[in-house]
Every structure is written in C-alpha cells, then in structure tokens.
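Encoded as structure tokens, the structure appears first; notes follow it.
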C-alpha cells in the first residue's frame, strides 16, 4: 500500500548511490548478493537475541534491495538479476519470523502463521506476474520492475516496518505476527480479486496444465 508513495522519496538517494557504484563497476547482482548476506546475518542476530544488531542488519538488507534495482537501471536490467532479487526477497521475508521462533520457541505458532500468510501473498504475486509476463502486461506504478508488480495492503514497506517493530520490541512479536499475517491474507484476497478482473477480460494465451 505504501510502496508507491515511499519510492519517490527513496529513489533520489538510491540513484545517487547507484551512480557512485556504477562508476566503480560494481554490478547489481553483487549488491543483491551482499544484501542477501546482510539478511542472513540479521536473521542469525535475531535467533541469538541480538535485536539491536538484527535491526541494523535488516535495514541494511532492505537498503541493498533498493540499491540493486537502482544500479541495474543505471547499468543493465537482466532476467538473472530480477530472478536473484525476487528469490532473495521471498527467502528473507520467511527467514525473519523463523529466526524469531528460534530465539523463543513459544513464538513458533505465531511465526508459522506469519510464514503461512507470506505464502499467500507470495503465490498470488508471483502467479499473476508469470501470466502477466506471458501476456506482455506492464505497469510502472511502482517504478521499473523486472516483473509485473501487483500491489496490495501489505507490501515491502509495511513488511519492513513490522520487522523493525519486532526487533525493537521482540515481546510484541506474537500480536504483530498475527496482526500482520491477517493483513497479508486480506492482501492475498484482494490480489486474487484484482488479478481475476485484469485477466478475465483478456484473451487467454496458450498454456499447459501443471
């Protein structure tokens, strides 16, 4: 919900940083890899109960996630880069609640519910993106993306705000997980509804069952 409004604020500083990296011949995929390492380190910090370090590493991961796209747009946007970025994002989103469960097993049920909700948002997002690519559907509401970005109430900005709140107040993890998980299911339902509307009026492309 907030991504389209936050992006115009974040894009200028990210673009300046990307310009500096491009001059040094740093690749977007290298930034994606560095961000993934930061995300893993953040999850390890969560699991160890080092929440201040976890907060810094999680935020650094998200900065890298924005920076790799800005750098790709300055150099070369590739299918490989989009693939790696998407895989890293979805693994990170699920790893954070898992790490909170490792830190305190009594959080496991809430963490499982949140991960389950991420499956809903992720599947509805990626399934639509795959069909949109086959039908050459495009949108730039969220900036230039390697895949069609179908928005919702729970997007990247909301997710990182919730993760940051969990790191600041880990004792609030359970209600935050259940509350945000519920919002994710509303997002999933809205994406299915919107996706059905967008696809219903278009001629179906050839496909195979599977």
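Select from segment 104-137 the residues that are in contact with a helix residue (DSSP H, G or I) (Cβ under 6 Å, 6 or more places away or on another chain) and closer than 11 Å to residue 173 by Cα and write down the one among them that is surrounded by the most Cβ atoms within 10 Å (Cβ to Cβ). I'd like the intermediate steps shown before the answer.
Residues of segment 104-137 in contact with a helix residue (DSSP H, G or I) (Cβ under 6 Å, 6 or more places away or on another chain): 107-108, 110-111, 113-115, 117-118, 120-122, 124, 128.
Checking the rest, the ones that are also closer than 11 Å to residue 173 by Cα come to 107-108, 110-111, 114.
Working: 107: 19, 108: 14, 110: 20, 111: 24, 114: 29.
Only one residue tops the list, namely 114.
The conditions are (1) surrounded by fewer than 20 Cβ atoms within 10 Å (Cβ to Cβ); (2) touching a strand residue (DSSP E or B) at 6+ places or on another chain (Cβ under 8 Å), and residue 69 fails exactly one of them. Which is it?
That leaves (1) as the condition not met.
State all residues of segment 47-62 that are modelled with pLDDT of 95 or more and either in a helix (DSSP H, G or I) or touching a strand residue (DSSP E or B) at 6+ places or on another chain (Cβ under 9 Å) (or both); if no residue qualifies, say none. Walk me through it before giving the result.
Restricting attention to segment 47-62, the residues satisfying the condition of being modelled with pLDDT of 95 or more are 47-61.
Passing the criteria: 47, 51, 52, 53, 54, 55, 56, 57, 58, 59, 60, 61.
The values are calculated or read from the model by the stated rules, or taken from the named source; none is laboratory data. Remember, it's a predicted structure, so these values are computed and weren't measured experimentally. Backbone-built Cβ (ideal geometry, glycine too); neighbour counts: all protein chains shown.
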